Structures are given as structure tokens and as C-alpha cells.
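I have placed the structure first, in the form of C-alpha cells, so that the comments after it can refer back to it.
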Amino acid sequence: AARAAYTELAQASPLGWYGALARSRLRSLGAPLPAGPRPVPPAAKEKPLGGDGAARVRELVRAGLPWEAAAELERVSVPSRLPDLLGAMALARAAGDWARVYRYAERARSVGGGLSAQQGSYPLAFEAEVTAAAKAEGLPRMLLFAIMRKESGFDPTVVSYANAIGLLQMLPETARRVAERNGRELDDDELFDPATNVTLGAGYVGRLWKKFRGQVPLVAAGFNGGSAAMMRWLERLGPRPLDEFIELVPFHQSREYAKLVAGNYATYEWLYRGELYVPPLEVEPSLGQDDVDY
């Protein structure tokens, strides 16, 4: 009965948090794992946006002025029809406006946007910067994309109520300490620069990745609630299966953050690598105290 229930859940939510946990339980029972999601149908053909505004965006892109192109794109009205939305996604991608790609993709998915809309909703935003930073820190780059999607929706200009800045929502004091480790000084305004934000954010996530042994949900919860808090939870809750452990995390925000980022990670892994994320069922202890909590 348990195997049947786990199989049903893994099939119903193959890229969600609970679907991933169901696969972990099935693997621990020696049961076969269900196949991945059904193939996403191809999208309708995109329709290039017309009008003077769209023409100016294209001209600015050709001139090598992506920020100006993105600013001009704000003034372009986009119809709600799917071909227009896909055309708007293509234009925003050309302008490097990944936040707008994401928003257009979410609208397109609501009207059956197919694979183009799904990849637009989980884009490889700022790919060169993320790839370089992930490689430098020994991280899977899909984890940085997963956190970025949750933190900023790929908008490098966003500032939270707590003054967290940019793509990975780095707090200035945290970012300055990471920068000091790298032998550089940091002005807070530099956190609006995608390359700087991703590099420093990856430095912080990388230390969590090593400390919590590459366990994506623990890394995510530690990023949200702090490394010291995660250490306390590991000590207090003791060794137990991952699904039980996460449900017992006392901070609601960190608990739900871990689930959402893990789901984002699973979706990225499937979309771009064809891999089904199966988290380890047993929680491994951390590597011990260090100064990761800046």
C-alpha cells in the first residue's frame, strides 16, 4: 500500500518536493521509480511584436545597449494571445531582461505555452555569470538558478524590505564579508551588478553546500534561515529521514523555502539535464562548526 501511494504521488507531482520525496522512499524500498513527467507539447509559433516600441528595442539590442533596450521594453504593450507572448519573450531575451522573460513565460504557461514557456519560466538567466561562479565554488549551477528564481524572479534591481539586494538577494553586510574573504572591498551599489551579485552569492551558497554536504533542502533552508539556525535544527531534531526533518523545521519561512527551492532545482534538472532529482532519504550531519554564518 505504501509503495502504491508513493508511486501515485511521484507520478502526480514528478517535479515537486513531495514527488521527489516519494521517489526517495521508493528507492529505499527497492521499488522501481516512476518515469518522469509527460513530454511538454511544443509551443505555438511565436509572433514577433510589431509597433514602434518593439522596433526601438530591436534597434537598441543591435546597438549593444541591453539596459536601454530593457527600459524601452517596459513601454511596449503586450497582448495576451499566446503567439504575442512568445514573441515578447523572445524580445525580452534578446534584451537580456530575464525578469520580463520570466513574467511573460508565466502568462504564456497559463494559456498553454508549451516547452518554450516552461523554459522561459525556468530560464538559464545570466548563464555565463552563473556558470563561472558555480564552477569556482564547486556548485551545481542549477541550484543557483533555483535560488535566483525564488529570491528575485531574475530581477537584478530588486531590493527587499530587509535591504537584501539583487539577483540572489544578498544582504550588504553578508556580501561585504564574502568579498573580504576574496580580498576585495565592496560598495553596496555593486550588488545591483549581476556578475558581482552572483559571484558573492555563490561564495556564500558554496560554503553552505560544503558544510551541509550537498543536501539541497538543507542548503536552501540554511541560506534562508542562516547556517547557525540549521546547525541548531540538526542538533535538536537528531538523525531522522529527510521528509520528517524538513517538516519539523520550526521556522515556517525556512521550511517552505526549502521545499520551493528543491522543487525549482528538480525542474531545472529535468528541463536542462533530463535528470529526475531523488534526494537522499537520510539526513547527513553537517561538517561541524565554522564561520560560514557571516
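The values are calculated or read from the model by the stated rules, or taken from the named source; none is laboratory data. Everything numeric in this text was worked out from a predicted model, so none of it was measured. Cβ coordinates were reconstructed from backbone atoms using ideal geometry, including for glycine residues, and neighbour counts include every protein chain displayed. Each accessible area value is taken on the protein alone, full model and side chains, heavy atoms only, with ligands, DNA and RNA left out. Shrake-Rupley method; radii C 1.70, N 1.55, O 1.52, S 1.80 Å.
Some observations on this one:
- Filtered residues of segment 89-143 (kept if under 25 Å from L65 (Cα atoms), open to solvent by less than 60 Å² (accessible area, probe 1.4 Å), charged (D, E, K, R) and in a helix (DSSP H, G or I)): R100
- The set of residues from segment 27-44 being over 23 Å from G263 (Cβ atoms) and in contact (Cβ under 8 Å) with a residue 40 or more places away in the chain comprises P42, A44.
- Checked against (1) open to solvent by less than 10 Å² (accessible area, probe 1.4 Å); (2) more than 12 Å from the chain's Cα centre (by Cα); (3) modelled with pLDDT of 95 or more, V158 meets all criteria but (1).
- First in segment 265-281 and more than 14 Å from L143 (Cβ to Cβ), second anywhere and open to solvent by 60 Å² or more (accessible area, probe 1.4 Å) and assigned to a loop (DSSP other than H, G, I, E, B), Cβ under 8 Å, 6 or more apart: L276/L33; V278/L33
- Counting only helices (runs of 4 or more DSSP H) wholly contained in segment 1-87, the ones carrying 1 or more residues that are among the hydrophobic types (A, V, I, L, M, F, W, C), under 26 Å from the mean Cα position of the chain (by Cα) and exposed (fewer than 15 other Cβ atoms within 10 Å of the Cβ) occupy 2-12, 66-73.
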